[in-house]
Amino acid sequence: MNHAQPGRDAPALDPDTALIPVDELVPHSGDMVLIDQILACAENTLSARVVIAPGGLFNHADGSVPAWLGLELMAQSIAAWAGWHARQEQRPVQLGFLLGTRNYNCSVDRFTVGTELRIDIDRSLQDDSGIAVFECNIHGPDLLASARVNVFQPTDAAQYLQES
């Protein structure tokens, strides 16, 4: 098991990373891509940005989005981290699976329209089977949400889905 040390390689803003379209890093398309921009990525960490816009799939009538959407923002940031690493290794972006979360804490009921959020993820451990744990935070500018997110990325997602 690889025990990463949280925070040891906090990403600095990287203009080259910020130019990579998010939909090239996550296995989503269209309105399901919720992250606007990748700010920085490193060995164990990634920072992403989103501005809450009206008219999305998950918006309330007032344009805000429910607080539980923070978990999906965290999951997509993890997917972008995996996609960035796949791209660096000249591999295709693969599907991954959200296994669950522990302690999703959010200090707001919803994220309001126009709010700029920064999602920071930090891989704390990963095993050889593809299971990993990430410590995740959403800032806007204060800490708004945090969670420990468990994910699984099989070596071959298509084969894994066929066998399941």
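The values are calculated or read from the model by the stated rules, or taken from the named source; none is laboratory data. Computed from a predicted model, the values in this text were never measured in an experiment. In this analysis, Cβ positions are derived from the backbone assuming ideal geometry, glycine residues included, and neighbour counts consider all displayed protein chains. For accessibility, only protein heavy atoms count, side chains too; no ligands or nucleic acids. Shrake-Rupley method; radii C 1.70, N 1.55, O 1.52, S 1.80 Å.
Listing for the model above:
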read-out	value
Condition met for Ala86 (within 23 Å of Gln37 (Cα to Cα) and either at pLDDT 95 or above or open to solvent by less than 40 Å² (accessible area, probe 1.4 Å) (or both))	yes
Pair list, Cβ < 7 Å and 6+ apart or interchain, from the stretch 93-112 residues that are of a type in the set (A, V, I, L, M) to residues that are open to solvent by 50 Å² or more (accessible area, probe 1.4 Å)	Val93/Pro27; Leu95/Pro27
Residue, nearest to Leu125 (Cα to Cα), within the stretch 40-52, restricted to residues that are modelled with pLDDT under 95 and open to solvent by 10 Å² or more (accessible area, probe 1.4 Å)	Glu43
Single unsatisfied condition, Gln37 versus (1) more than 12 Å from Val22 (Cα to Cα); (2) out of contact with any Leu (no Cβ under 8 Å at 6 or more places or on another chain)	(1)
Matching option when the condition is open to solvent by 40 Å² or more (accessible area, probe 1.4 Å), modelled with pLDDT under 95 and over 18 Å from Val22 (Cβ atoms), among Ser129, Ser107	Ser129
Breaking point among (1) farther than 24 Å from Gln162 by Cα; (2) part of a loop (DSSP other than H, G, I, E, B); (3) at pLDDT below 90; (4) open to solvent by 40 Å² or more (accessible area, probe 1.4 Å), for Ile20	(4)
Among the residues listed as Asp120, Asp128, the single one being in contact (Cβ under 8 Å) with a residue 24 or more places away in the chain, under 14 Å from Leu73 (Cα atoms) and out of contact with any Pro (no Cβ under 8 Å at 6 or more places or on another chain)	Asp120
Of the criteria (1) modelled with pLDDT of 95 or more; (2) aliphatic (A, V, I, L, M); (3) within 18 Å of Phe152 (Cβ to Cβ); (4) open to solvent by 60 Å² or more (accessible area, probe 1.4 Å), which one Ile121 fails	(4)
Complete set of residues in the stretch 141-156 that are of a type outside the set (Val, Ile, Thr) and surrounded by fewer than 18 Cβ atoms within 10 Å (Cβ to Cβ)	Pro141, Asp142, Leu143, Arg148, Asn150, Phe152, Asp156
Some residue of the stretch 141-160 being at pLDDT below 95 and under 17 Å from Ala48 (Cβ atoms)	yes
Selected residue (criterion: modelled with the lowest pLDDT) from residues of the stretch 89-104 that are of a type outside the set (Gly, Ala, Ser) and within 19 Å of Ala145 (Cα to Cα)	Arg102
Unmet criterion (only one of (1) touching a residue at least 40 places away in the same chain (Cβ under 8 Å); (2) within 27 Å of Gln159 (Cβ to Cβ)) for Glu89	(1)
Near pairs, Cβ below 9 angstrom, 6+ apart or cross-chain, from the stretch 22-35 (touching a residue at least 60 places away in the same chain (Cβ under 8 Å)) to any residue that is open to solvent by 60 Å² or more (accessible area, probe 1.4 Å) and assigned to a loop (DSSP other than H, G, I, E, B)	Pro27/Leu95
